[in-house]
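Here's the structure, in structure tokens; my notes come after.
The values are calculated or read from the model by the stated rules, or taken from the named source; none is laboratory data. Treat the numbers as computed from the prediction; the structure is a model and nothing was measured. Using ideal geometry, Cβ is built from the backbone for each residue, glycine included, and neighbour counts are taken over all protein chains shown.
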């Protein structure tokens, strides 16, 4: 999974990330990339600051890799605020929004990318199943599940 994510980064950043993530990949939740800031890795409750200052060129190169060198073809997704990549990972995008008729039509001067790492959490719903499954009638209750992130 690590190589699946690192391929979007320039070589120098990719090497720095690999050195800092390696064995902790199962705990990785986010990679925060912000112009003129250091890279932040979020592992469950712990944040690690990487001593690499991100440039505008880095952001553009990462975005080119994410969009397969066709940023225009991803414009609709970008206007939603994120792009989904292989593996279900999402990359949140921030920058200056161009708004027309109360709708975002473009994002310019992209200043940060937030890689949110998708992963399966086995057993996270076990304690809730009795609220969802009606064993007596062998069916499922009408259910809406709303929670804060990581509230399993």
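Just a few scattered comments:
- Segments classed as strands (runs of 3 or more DSSP E), wholly inside region 1-94, with at least 1 members that are touching a residue at least 40 places away in the same chain (Cβ under 8 Å): 28-34, 46-53
- Each residue in region 51-90 was checked for being closer than 19 Å to residue 41 by Cβ and touching a helix residue (DSSP H, G or I) at 6+ places or on another chain (Cβ under 6 Å), and 2 pass.
- Among residues of region 109-129 that are free of Cβ contacts under 8 Å to residues at least 60 places away in the same chain and at positive phi, those with a Cβ under 9 angstrom from a residue that is surrounded by 10 or more Cβ atoms within 10 Å (Cβ to Cβ) and part of a strand (DSSP E or B), sequence gap 6+ or separate chain, pair up as 109/95; 109/96.
- Looking only at residues of region 114-136 that are part of a loop (DSSP other than H, G, I, E, B), modelled with pLDDT of 85 or more and touching a strand residue (DSSP E or B) at 6+ places or on another chain (Cβ under 9 Å), we find that the one that is surrounded by the fewest Cβ atoms within 10 Å (Cβ to Cβ) is 118.
- When residues of region 21-57 are limited to those that are modelled with pLDDT under 90 and loosely packed, with under 12 Cβ neighbours inside 10 Å, the one farthest from residue 82 (Cα to Cα): 23
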